[in-house]
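Laboratory data are not the source of any read-out in this text; all were calculated from the coordinates shown. Note that the coordinates shown come from a computational prediction; the quantities given were computed from them, not determined experimentally. Glycine also receives a Cβ, built like all others from the backbone with ideal geometry; neighbour counts cover every protein chain displayed.
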Amino acid sequence: MNNLKVQLSEEVAKALKSGAPVVALESTIISHGMPYPQNFEMALAVEDKVRAHGAIPATIAIIGGVLRAGLSRDEIESFAKKGLQITKVSRRDIPVIVAQKKDGATTVASTMIIAELAGISVFATGGIGGVHRGAETTMDISADLEELAQTSVAVICAGAKSILDIGLTLEYLETKGVPVLGYQTSELPAFYTRESGFKVDAKMDSAEQVAEVLRAKWDLGLKGGVIVANPVPAQYSLDFKDMERVIQNALQEMDQKGIKGKDSTPFLLGKVKELTAGKSLETNIQLVLNNAQVAAEIAVAYATHQKI
Ligand code: PSU
Ligand code: MN
């Protein structure tokens, strides 16, 4: 079954038709975010987690130029195995990939676009893109932020990684009118760590509270996304000062090598992985699973609201 622009899996189509909760998942995190086979195992485990908490997972990608929501196990494996050979696709890349009938791994921005076209309101990921350190000279600001400004999807993430300038990222989101909610925290988490030193706009105690905020925003016609920042579980969090040192080293090397543009995020993520001797990979996997659970709970609460 299809809607006009996005090809839905049978399961996702059925869920959307009946108003059942659905959680969108991105594919850049699979192809560009982690090595094989951990990326494949993670993608399947995340789908299982969403199901275990009462929602239907919809992994999003572009395959052969077709926007897709809900992939088969083989398709997920192919994205996991091909890794960096699959083009990372943000908003600006969609037309080229579609016109040339290619495969694309979707970022937060493009996953939001496809989710909205499909009618999916809740999306779980690891971390969002943001304003990069030094953006005042490089102008490197992720398209994820512009998408959050205009596309009505809630993004459940573990905050923004401190490869970014978290303070400037929050300023940008404020300018663009994007609520940044803390899930059971009043501090914005920084992906690997539960703390960042920055406050969120509002602390949410439950999935129901988040669902009420989504309903209030969208029922009022206030278009755009919402960030739900969910801290990594304490037992998997890494040390804030250690991470800061690792990131400083990675940024220095990126400068020396002259890496910029869309390559900077994957480079920095790869470097962090290398410099933390793989410890960050386990943390990354665990925080995505944790986000999938909270996203499923929010999707369930939001779907229930919608039916009343
Ligand atoms: N941050 C992470 N892991 C990721 C990404 C960001 O911790 O995998 C990916 C997401 O897909 C995000 C994208 O949308 O990188 C942002 O890339 P850019 O900064 O080039 O917009
Ligand atoms: Mn960028």
Rule-of-thumb check for region 70-225: C-alpha Rg over 2.2 N^0.38 Å?
-> 1.08
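Rounded, prolate or oblate: which fits region 252-308, taking a ≥ b ≥ c as square roots of the Cα gyration tensor eigenvalues, rounded meaning a/c under 1.5, else prolate when a/b beats b/c?
Working: a/c = 7.64, a/b = 2.31, b/c = 3.30.
Verdict is oblate for region 252-308.
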Gaussian network model of the chain, Cα within-10 Å springs - most flexible of ILE62, ILE259, ILE94 = ILE259
D (Stokes-Einstein, µm²/s), Kirkwood Cα radius, region 48-156, 0.692 mPa s at 37 °C = 222 µm²/s
Restricting attention to the alpha-carbon atoms of region 1-70, what are Rg (one decimal) and Dmax (integer), both in Å?
-> 12.5, 36
May I ask for the percentage of alpha-carbon pairs in region 236-282 that lie more than 15 Å from each other?
-> 42 percent
Taking every pair of alpha-carbon atoms in the chain, give the share separated by more than 33 Å as a whole percent.
-> 16 percent
Cβ charges +1 (Lys, Arg) and -1 (Asp, Glu), total dipole of region 82-180, debye | 460 debye
Working note, region 62-109: Cα radius of gyration (Å, one decimal) and Dmax (Å, whole number) are 10.1, 28
Per the Kirkwood formula over distinct C-alpha pairs, the hydrodynamic radius of region 128-212 in angstrom is 13.2 Å
Among all the lysines, which ones have a C-alpha under 26 Å from LYS82's C-alpha, if same-chain residues fewer than 8 places away are not counted?
-> LYS5, LYS49, LYS101, LYS102, LYS161, LYS257, LYS260, LYS262, LYS271, LYS273, LYS279
Please report the relative contact order for the chain, taking Cα pairs under 8 Å with a sequence separation of at least 6, and give it as a percent rounded to a whole number.
-> 20 percent
Does region 185-308 come out rounded, prolate or oblate by the C-alpha gyration tensor, with a ≥ b ≥ c the root eigenvalues, rounded set by a/c under 1.5 and, if not, prolate when a/b is larger than b/c and oblate if not?
-> prolate
Separation between Cα centres of region 8-56 and region 244-291, rounded to whole Å = 24 Å
Over region 168-301, relative contact order from alpha-carbon pairs under 8 Å, at least 6 apart, % | 27 percent
Here FRET efficiency (C-beta to C-beta, ALA234 to ALA45, R₀ 30 Å, nearest 0.05) is 0.90
So between LYS14 and GLU253, what do we pick up on full extension, going 0.36 nm a residue minus the alpha carbon distance?
-> 81.2 nm
Ranked by GNM mean-square fluctuation in the chain (Cα springs under 10 Å), the top entry among ALA52, ALA99, ALA149 is ALA99
Once phi is turned into ³J(HN,Hα) by the Karplus curve 6.51 cos²θ - 1.76 cosθ + 1.60 with θ = phi - 60°, what whole-Hz value does each residue of region 40-47 show in order, with x for glycine and proline?
-> 5, 4, 4, 4, 6, 5, 5, 4
Centre separation in Å (Cα based) which lies between region 102-153 and region 207-232 | 16 Å
Residue-ordered couplings for region 50-58, obtained by feeding phi - 60° into the Karplus form 6.51 cos²θ - 1.76 cosθ + 1.60 and rounding to whole Hz (Gly and Pro as x), are 4, 4, 4, 10, x, 10, 9, x, 10
